[in-house]
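Student: This is the structure, below, for whatever I ask next.
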Amino acid sequence: MTGLTFRKRGEPEERLDLSPLVPARLAGLSEREVAALPVGTSRMGLTVGDVFEVVGGDPSSICFAGGSTRFDRIGEAMQAGGIIVEGDAGARLGRAMAGGRISVEGSVQGHAGSGMSGGVIRIGGDAGERLGGPLAGEMSGMKGGTIVVSGSAGPRAGDRMRRGVISISGNAGADVGSRMIAGTIVVAGTAAGTPGRLMKRGTLFLCTGAETLAPTFLDNGPADLLILTVMARDFAAGEVGPVAFEGMAMRRLGGDTAVLGLGEIFLPC
């Protein structure tokens, strides 16, 4: 059986809250019932049917045929199933997701994967600010799962990250891995700002180096560690795929000693 498809009629005039359109909430609903779900964020009262042509199918597999930067909260709190976005997506993609898979062909805006605890997010383009990071007032960001970005990421990716993996094929904006508590971030390109600022634990791989580092990181010298080879092979065999640091001579910096100081940054020698 083919999946449930939402074919975009045209660019919406307002930002949309698409959090109701996840497999668990759509199971058992008819096309008419799905089309009547409210998704607008203004007094216009937009419904799914106003924005999309709904083509029935198995709701465990959802496709947005046509994306938009105004499509916010896609896949929020999803627990299983799959979502494909043929284009761009707005803010909070995969927010608080616990399982399943989201694949976006284009770019996404801020807070993708915020608070996620499981599942996989794949972004074909760029990611906005605070990828996997917390919303204002929250004490922790990403708690598990995997995020793979084919392009670059905005500032503060992995902020307050507790667990999981973020892989960025392009560059990272300012302060990637800020306030990390645990987890792993791999950046194939260059890291701007001061990566790892105030990180307590966790691991940052900055495969092309960093613009600058905080003076509270301690250079531990070359790191000819077997675990780096093991991690690279594990990533290559899993969701992340091949990583830039495989076979690369690395040096290790420990920190941030301004806080707990048990984190580590790996840079090319």
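Rule-based calculations on the coordinates, nothing more; no lab input. Only a predicted model underlies this, so the values are computations on that prediction, with no experimental measurement involved. Here Cβ is always computed from backbone atoms with ideal geometry, including for glycine, and neighbour counts include all displayed protein chains.
Student: Mean-square fluctuation check for the chain, GNM, Cα pairs under 10 Å: which of L21, L226, L46 is largest?
Tutor: Answer for the Gaussian network model of the chain: L226.
Student: Let me check against my output: what whole-number percent is the relative contact order of the chain, with C-alpha pairs under 8 Å and at least 6 apart? Don't jump to the answer; show the numbers that get you there.
Tutor: Values: 895 pairs, mean separation 26.9, N = 269.
Once divided by the residue count of the chain, the mean separation gives 10 percent.
Student: Moving on. Once the piece of chain linking L135 and M248 is laid out straight, how much longer is it, given 0.36 nm per residue of separation minus the C-alpha distance between them?
Tutor: 37.2 nm is the gain from fully extending L135 to M248.
Student: Dipole size in debye (nearest 20) for region 66-191 around its Cα centre, Lys and Arg Cβ +1, Asp and Glu Cβ -1?
Tutor: Dipole size: approximately 420 debye.
Student: For V39, V176, V243, what's the fewest-to-most ordering of other Cβ within 10 Å of each Cβ?
Tutor: In order of increasing Cβ crowding within 10 Å: V243, V39, V176.
Student: May I pose another question? Where a ≥ b ≥ c are the square roots of the eigenvalues of the C-alpha gyration tensor, would you call region 148-230 rounded, which needs a/c under 1.5, or, failing that, prolate if a/b is larger than b/c, or oblate?
Tutor: rounded
Student: Let me ask something additional. Which whole-number percent is the relative contact order of region 110-268 (Cα, under 8 Å, 6+ apart)? Numbers along the way, then the final one.
Tutor: Details: 520 pairs, mean separation 25.6, N = 159.
It rounds to 16 percent for region 110-268.
Student: Classify the chain as rounded, prolate or oblate, taking a ≥ b ≥ c as the square roots of the eigenvalues of its Cα gyration tensor: rounded when a/c is under 1.5, otherwise prolate if a/b is larger than b/c and oblate if not.
Tutor: Taking the square roots of the gyration eigenvalues as a ≥ b ≥ c, the chain is prolate.
Student: A further question follows. Taking only Cα atoms and a 10 Å spring cutoff, compute GNM fluctuations for the chain and point out the largest among V240, V120, V230.
Tutor: Greatest mean-square fluctuation among the candidates belongs to V230.
Student: Then there's this: Given H placed on each backbone N at 1.01 Å, which residues far from D58 in sequence or on other chains put an amide H within less than 5 Å of it?
Tutor: It is T2, G3, L4, by chain and number.
Student: Could you tell me how many degrees, from 0 to 90 and to the nearest 10, lie between the Cα long axis of helix 226-237 and the main elongation axis, the longest principal axis, of the Cα atoms of the chain?
Tutor: Tilt of helix 226-237: around 20 degrees.
Student: Could you work out the relative contact order of region 66-117, using alpha carbon pairs under 8 angstrom and six or more residues apart, expressed as a whole percent?
Tutor: 37 percent
Student: Antiparallel DSSP bridges in the chain: what percent, to the nearest 5?
Tutor: Percentage antiparallel, nearest 5: 25.
Student: To continue, here is another question. Going by average Cβ density within 10 Å per residue, which order do the peptides 47-57, 74-84, 6-16 take, highest to lowest? Can you show the working numbers first?
Tutor: Values: 47-57: 17.9, 74-84: 21.8, 6-16: 15.7.
The peptides rank, most packed first, as 74-84, 47-57, 6-16.
Student: Let's test the formula: R0 of 45 Å, r as the Cβ-Cβ distance of V259 and T41. What FRET efficiency results, to the nearest 0.05?
Tutor: After rounding, the FRET efficiency stands at 0.75.
Student: Please list 3J(HN,Hα) in residue order for region 113-118, calculated via the Karplus relation 6.51 cos²θ - 1.76 cosθ + 1.60 where θ = phi - 60°; whole Hz, with x for glycine and proline.
Tutor: Calculated HN-Hα couplings, in order: x, 4, x, 5, 10, x Hz.
Student: Pick from A136, A174, A98 the residue whose mean-square fluctuation is largest in a GNM of the chain, springs joining Cα atoms under 10 Å.
Tutor: Answer for the Gaussian network model of the chain: A136.
Student: Give the separation of the Cα centroids, region 191-269 to region 23-44, in Å.
Tutor: After rounding, the separation between the Cα centres reads 44 Å.
Student: Out of the DSSP beta bridges found with both residues in region 16-93, what percent are antiparallel (nearest 5)?
Tutor: Here the share of antiparallel DSSP bridges comes out near 25 percent.
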